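Everything below concerns the one structure shown next.
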Amino acid sequence: TKEKFNIERALDDFIAIASQNTNKDSLGPILGMSSAYMLLKQQQRAKNQLKRVVKTPWNFDDAEYLEKCWLLLADQYIQSNKLESANELITKVVQHNKSCTKALEYLGYIAEKDHRYKDAANTYLQAWKSGGKTNPSVGYKLAYCLMKSKKYPQAIDTANEVLEISPEYHNVKKDILDKCMN
């Protein structure tokens, strides 16, 4: 519900679960606490919880929680403009889950920030395909990076695909189609 009262109640429950001896290093409560802190706009507390997980080795049982924790911390690093730290975490996620759309999208964003549009386009293309070509914002970013790397026909094709799934996405026409056709 994202209501403050419910978030605080859930946070108390996660803290109680995490304080039990058997759940000291359990990733589920850590993820829950971090998510609650994020919703309460207490980013530093969330970051402190997530940093506990960074050195945790990957294992199949905790894979989902590890992936979510690493991505949440990477998102924090991206917001703080610590792209190198974010890149390390995201690379760990992609190493274990090559079809993680969010991780691929973050990698594309980092490459785009570094003005490596060709790399960004390749990464966004992977995210676009692994997401089943259903997320218009990823399609837009892909088309934009293709345009910036002077691959105009591919940018036009991708922009048209975005407009097919989301006709109300007017920025695609103005920012990409019009410029590529000129």
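The values are calculated or read from the model by the stated rules, or taken from the named source; none is laboratory data. Predicted, not measured: the structure shown is a model, and the values here were computed from it. Quick reminder, even Gly has a Cβ in these numbers, built from the backbone with ideal geometry, and neighbours come from all protein chains shown. Side chains are part of the model used for accessible areas, which takes the heavy atoms of the whole protein and leaves out ligands, DNA and RNA. Shrake-Rupley method; radii C 1.70, N 1.55, O 1.52, S 1.80 Å.
Data overview
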item	result
Theoretical gain in end-to-end length, Glu168 to Ser99 [0.36 nm per residue, Cα-Cα removed]	22.1 nm
Convex hull (Cα only) mean projected area of the range 27-67, reported in nm² to one decimal	2.6
Residue-normalised accessible area of the chain, expressed per residue, 1.4 Å probe, Å²	59
Rounded to the nearest 10 Å², the accessible area of Ser137 at probe 1.4 Å	40
At R0 = 30 Å, FRET efficiency that the Cβ-Cβ distance of Lys118 and Lys41 yields, to 0.05	0.20
Solvent-accessible area of Glu3 with every protein chain in place, 1.4 Å probe, in Å² to the nearest 10	100
HN-Hα J in Hz across the range 169-176 - Karplus 6.51, -1.76, 1.60, θ = phi - 60°, x for Gly and Pro	7, 6, 4, 4, 5, 5, 7, 10
Subset of Lys41/Lys141; Lys92/Lys173; Lys41/Lys129; Lys47/Lys179; Lys118/Lys173 violating a 31 Å alpha-carbon distance limit	Lys92/Lys173; Lys41/Lys129; Lys47/Lys179
log₁₀ of I(q)/I(0) at q = 0.12 Å⁻¹ - the range 1-120, Debye sum with one point per alpha carbon	-0.46
Accessible area of the chain belonging to carbon and sulfur atoms, whole % at 1.4 Å probe	49
Spin-label pair Thr134/Ala63, simplified geometry with 7 Å Cα→Cβ offset, distance in nm	2.0
In Å², nearest 10: area of Arg52 left accessible to a 1.4 Å probe	110
Size descriptor, Kirkwood hydrodynamic radius, that averages inverse alpha-carbon separations across the range 49-182, Å	15.5
